[in-house]
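Take a look at the structure below.
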Amino acid sequence: MQSEQHAARPLRAWILLVVALLAATGGYWLGRHPSVPQAAQSKTPLYWVNPMDPNDKRPGPAKDSMGMDFIPVYQEAQERVSSPGTVTIAPEIQQNMGVRLAEVTRAPWQQQIETVGYVGYDEERIETLTARMNGWIRRLHVKSEGQPVAAGQPLYDIYSPDLVNAQKEFLIARASGNPLLLKAAEGKLRALDIPQGQIARLQAGGQVEQTIRISAPRSGYLSDLKIREGQYVEPADPLFSLVSLGEVWVSAELFERQAGMVTVGMPVSMTLDYVPGRVWQGRVDYVYPTLDAATRTLKVRLRFSNPDGFLKPNMFASLHLTRAFAPVLQVPAEAVIRSGSQDRVVLALGDGRFKSVAVRLGAREGELQAIVEGVEEGDKVVSSAQFLIDSESSQRSDFLRMSALRPDSVWAEGTITAIDGRHVTLSHQAIPQWQWPAMEMEFLLAEGVELGALKVGSPLRFEMHQQGDDYVISAIKPVAEQPATGGPS
């Protein structure tokens, strides 16, 4: 007996030594994971989740294919009194996950449209000159398209038999002394576009001129030159056009989704790539009523002042349109989680608590997203690593919502079909509180619950609840003892 005691002493000493070593090393070999923060290691994780895939959960510590540690998820005591879907994350875990927060602000909202366009003539300032009579161009004072022309500058000289006859008729009417004939003859000269100066010379000298000189009605640039010296023209033949560059039109196209953002009078900024630093300010002059069927774009016309004539037709320009709206709630666009049926953000509730909430989105502009409903000004939202938190919050919210709808215990009626010790098989009616159909299943009798005189075939009313994987009958009363309606007293 003493020899056995002496043999046991070295064994106990070795056991004490091993326990001391484990305590000194911080319990690493007792299941403490080196990647889990010290504050969290005092609690038991529910499971570990892949930081890149919220659906990849493990019962213990693990690493993903990239070598990243799975993140432990804990059941906090305060979650039991929080609203459904609230999750709590330790500060150390938030840092490892890269959680960043952004504030919900209310500020003026501006929608920006970036597009391109082409400079063109102001078509309201294009004037086409046509011939008023048959004749031949004796002399052409302008030679090429694009030539600048000043108001009153000679354009061409034309010989016309009709012009000669009209002058002779005027002289005959003047000699007759009949004021009506003189007025009619003078009106015919004006209809032929004879300048007032030439009519005055005809009245003073009485000499018929063989040609008439046509001058520019206003300043501009020559366009669409269609005549040459010696050419024969007829009435209504277009000769050339005069265009002005004091103002220009810029044609641009917008995407179909931007059609509702553009209004007449909206300010526009224009730049040219080859003139850095210079900006032209204009406005939307006209929004065309139809979309291009092939490109699904909307054409708009913009108007810009061009006093120095720098802007030339067919120049390629970059355009920036801005429309201002009243202040709205806005968050970084990256904070919004979009799905097919619902848009969400993850609210930071403080003290490491987070919750995923549904929101109704407004317009998006660049890196900002307008929020119509779901958050308040000053709220904090997660703008990084929110997908993992949202997955966990949604799962817990759904579970707690189901738990809230389903009572812990329920009364039902049934008939005993089999008895096996403390196990009883019942054929029960439908249980709408648990969304159960009528069926036959086995139940476990709770401690203190006895069948008494009940036997196979006896009807009864019973109360049951779930305990682990078993459904336990906690109270039994014969049907005859129950009132016609309601539960047991």
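The values are calculated or read from the model by the stated rules, or taken from the named source; none is laboratory data. What you see is a predicted model; the values in this text were computed from it and never measured. We place every Cβ from the backbone using ideal geometry, glycine too, and count neighbours over all the protein chains shown. The accessibility values were calculated without ligands, DNA or RNA, using every heavy atom of the protein model including side chains. Shrake-Rupley method; radii C 1.70, N 1.55, O 1.52, S 1.80 Å.
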The range 243-268, residues that are farther than 17 Å from residue 297 by Cβ and among the charged types (D, E, K, R): 247
Qualifying strands (runs of 3 or more DSSP E) (wholly inside the range 289-371; at least 1 residues being modelled with pLDDT under 90 and under 30 Å from residue 268 (Cα atoms)): 316-332, 353-365
From 131, 107, 175, 166, residue being among the hydrophobic types (A, V, I, L, M, F, W, C) and either touching a Ser or Thr at 6+ places or on another chain (Cβ under 7 Å) or under 30 Å from residue 269 (Cα atoms) (or both): 107
Cβ pairs under 7 Å, 6+ apart, first in the range 208-236 and within 16 Å of residue 132 (Cα to Cα), second basic (Lys, Arg) and surrounded by 13 or more Cβ atoms within 10 Å (Cβ to Cβ): 211/138; 235/132
Test: residue in the range 143-163 that is open to solvent by less than 40 Å² (accessible area, probe 1.4 Å), touching a residue at least 12 places away in the same chain (Cβ under 8 Å) and farther than 25 Å from residue 238 by Cα: no
Top-ranked residue of the range 88-123 - restricted to ones that are within 17 Å of residue 49 (Cβ to Cβ) and not in a helix (DSSP H, G or I), ranked as farthest from the chain's Cα centre (by Cα): 90
Selection status of residue 194, of a type in the set (Val, Ile, Thr), assigned to a strand (DSSP E or B) and either in contact with a strand residue (DSSP E or B) (Cβ under 7 Å, 6 or more places away or on another chain) or at pLDDT below 85 (or both): no
Sole exception among (1) exposed (fewer than 14 other Cβ atoms within 10 Å of the Cβ); (2) within 37 Å of the chain's Cα centre (by Cα); (3) modelled with pLDDT of 75 or more; (4) more than 30 Å from residue 370 (Cβ to Cβ) for residue 44, by number: (2)
Flag for residue 90 being within 30 Å of residue 200 (Cα to Cα) and either buried (at least 17 other Cβ atoms within 10 Å of the Cβ) or modelled with pLDDT under 85 (or both): no
Any pair with Cβ under 8 angstrom, 6 or more apart, that starts in the range 238-261 at a residue that is farther than 30 Å from residue 131 by Cα and ends at one that is in a loop (DSSP other than H, G, I, E, B): 253/292; 253/295; 254/262; 255/296; 256/296
Scan of the range 59-77 for residues that are open to solvent by less than 90 Å² (accessible area, probe 1.4 Å) and either modelled with pLDDT of 65 or more or within 35 Å of the chain's Cα centre (by Cα) (or both), ordered by number: 60, 61, 62, 64, 67, 68, 69, 70, 71, 72, 73, 74
Members of the range 222-240 that are touching a Phe, Trp or Tyr at 6+ places or on another chain (Cβ under 9 Å) and either open to solvent by 20 Å² or more (accessible area, probe 1.4 Å) or of a type in the set (Gly, Ala, Ser) (or both): 223, 224, 225, 226, 229, 230, 231, 232
Some residue of the range 353-363 being open to solvent by less than 80 Å² (accessible area, probe 1.4 Å) and on the phi > 0 side of the Ramachandran plot: no
Residue within the range 244-253 that is surrounded by 13 or more Cβ atoms within 10 Å (Cβ to Cβ), farther than 26 Å from residue 147 by Cα and either at pLDDT 85 or above or not hydroxyl-bearing (Ser, Thr, Tyr) (or both) present: yes
Exclusive hit being under 21 Å from residue 108 (Cα atoms), open to solvent by 40 Å² or more (accessible area, probe 1.4 Å) and in contact (Cβ under 8 Å) with a residue 24 or more places away in the chain, set 335, 370, 324: 324
